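The structure appears below as structure tokens.
The values are calculated or read from the model by the stated rules, or taken from the named source; none is laboratory data. As the structure is a computational prediction, the values presented were derived from the model and not from experiment. Reconstructed Cβ throughout: ideal geometry from the backbone, glycine too, with neighbour counts over all protein chains shown. With ligands, DNA and RNA removed, areas are computed over all heavy atoms of the protein, side chains included. Shrake-Rupley method; radii C 1.70, N 1.55, O 1.52, S 1.80 Å.
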Amino acid sequence: LNASVGVVVLMEVATGEVKAIVNMTKGKDGNYYEMRNNAISDMLEPGSTFKTASIMVALEDGKITPDYVVDTGNGQMPMYGRVMKDHNWHRGGYGKLTVTEILGVSSNVGTSYIIDHFYGSNPQKFVDGLKRMSIDQPLHLQIAGEGKPNIRGPKERYFAKTTLPWMSIGYETQVPPINILTFYNGIANNGVTVRPKFVKAAMKDGEVVKEYPTEVINPKICSDKTLAQIREILRKVVGEGLAKPAGSKQFHVSGKTGTAQVSDTSDQTNAWFVGYAKKDGYKDIAIAVVVENSGAGSTYAVPVAKNVFDVYFNR
């Protein structure tokens, strides 16, 4: 792919135990090496993986239902002097979409319209909704070097009219990959967010001298109704949407792709997939895959997740 960085983190849903973490950075010689812990330190715009959080806020506030319809038209929508575009705008767009379909095809227009329509006059209410889910909180990990999520509010500098709609689709916001994974892990864990755990116990002379229990960050990120709705939507994103290649007949997968443009002046994008999987006889597992400077999430991140799930559930 000639990507600059490849990240995979695998987390056990119930305990938060990090079962695997890989951070490969391209060296000057063209080979890849473990140079730094990108999964916890890289401050990245999460792109469309953030749409799940945006839609959850609107569901929780009773603004929409999974069947709420948005006319995305030809895939282009003017917004405060800029144009919001769907990835298929040059093919005529998607037209009318339900909320479930909006996440399934990862419609920028659909998501940003919903958030701007219902929160444009009160952006703080949207930001408060994100904070309810603790997506803005540092994780206080057991290892050094973590980045702190940067989710701005309307009272801060450079919060313009365009900030809210672009923020809703994962731009103008920076979050380390492990934080996005922790959020999705909370969805998988019945709405309970737990702190990622790198160390289970400390030992000396073969005996455990200190154990580190699972820590709860947020005991309930949303109502049971919203949780059931978003879990069904994420299941369909894999079953019928852009993340379909991550699915399997052997185990159940839910999740969301993401493709985040690196900057306004670059045609480079970071590919994302964040989700979770379950199979009888195995512990539920959540995964984050980020391939920096590569391409679309559905093309470059999803197959990596599928390969990891295949190995995990067939070991």
Margin query: I'd like to check something: does the range 176-184 contain any residue that is within 22 Å of Trp272 (Cα to Cα) and open to solvent by 50 Å² or more (accessible area, probe 1.4 Å)?
Written below: no
Checklist line | Selection count where residues are among the charged types (D, E, K, R), surrounded by 15 or more Cβ atoms within 10 Å (Cβ to Cβ) and over 23 Å from Arg36 (Cβ atoms), scope the range 133-157 | finding: 2
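Can you work out which of the residues in the range 185-211 that are among the small types (Gly, Ala, Ser) and surrounded by fewer than 19 Cβ atoms within 10 Å (Cβ to Cβ) is modelled with the lowest pLDDT?
Gly206
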Check: What's the number of the condition Asp67 fails, among (1) over 17 Å from Thr163 (Cα atoms); (2) modelled with pLDDT under 95?
Finding: (2)
Notebook entry, point to check: Does Ser107 satisfy the condition of being closer than 24 Å to Gly255 by Cβ and either open to solvent by 30 Å² or more (accessible area, probe 1.4 Å) or not basic (Lys, Arg) (or both)?
Noted result: yes
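Among the residues of the range 42-89, count how many are small (Gly, Ala, Ser) and either surrounded by fewer than 21 Cβ atoms within 10 Å (Cβ to Cβ) or outside any helix (DSSP H, G or I) (or both).
Selection size over the range 42-89: 4.
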Notebook entry, point to check: In the range 202-243, which residues are farther than 20 Å from Ile64 by Cβ and either touching a residue at least 12 places away in the same chain (Cβ under 8 Å) or under 16 Å from the mean Cα position of the chain (by Cα) (or both)?
Noted result: Tyr212, Thr214, Glu215, Val216, Ile217, Asn218, Pro219, Lys220, Val238, Leu242, Ala243
Note to self: Looking at Lys51, Lys96, can you tell me which residue is of a type in the set (Lys, Arg) and either within 29 Å of Glu292 (Cβ to Cβ) or in contact (Cβ under 8 Å) with a residue 40 or more places away in the chain (or both)?
What the structure shows: Lys51
Notebook entry, point to check: Would you call Thr15 open to solvent by 10 Å² or more (accessible area, probe 1.4 Å), part of a strand (DSSP E or B), in contact with a strand residue (DSSP E or B) (Cβ under 8 Å, 6 or more places away or on another chain) and closer than 28 Å to Asp136 by Cβ?
Noted result: no
Notebook entry, point to check: If only one of Asn270, Asn218 is under 21 Å from Arg132 (Cα atoms) and either open to solvent by 40 Å² or more (accessible area, probe 1.4 Å) or of a type outside the set (Ser, Thr, Tyr) (or both), which one is it?
Noted result: Asn218
